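The values are calculated or read from the model by the stated rules, or taken from the named source; none is laboratory data. Predicted model, so just to flag it, every value in this text is computed and none were measured. Backbone-built Cβ (ideal geometry, glycine too); neighbour counts: all protein chains shown.
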Amino acid sequence: MPSAQNDPLFSVADIGVFSCAKCGKPMKLSCIEPAEPGFDVRTFECEKCDHTVKFAVSI
Ligand SMILES: [Zn+2]
């Protein structure tokens, strides 16, 4: 299965519920950092296996 995590752009709606790519558990939003104007970077963290994923999100 191709890794969708490499796609940097997700809408806010798409990112509302997100599952860990490694264990499938729901990931929690752990950090929001400002990026370019109109975008921020959201870090999701898995409580089960500590896997983290970052997304650039249009706001
Ligand atoms: Zn996990």
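Brief remarks on what is shown
- The condition (being modelled with pLDDT of 90 or more and of a type outside the set (Asp, Glu)) is satisfied by just one residue among Pro37, Pro8: Pro37.
- Screening Asp14 with (1) at pLDDT below 90; (2) in contact with a strand residue (DSSP E or B) (Cβ under 8 Å, 6 or more places away or on another chain) gives one miss only, at (2).
- Unmet criterion (only one of (1) more than 9 Å from the chain's Cα centre (by Cα); (2) at pLDDT 90 or above) for Ser58: (2)
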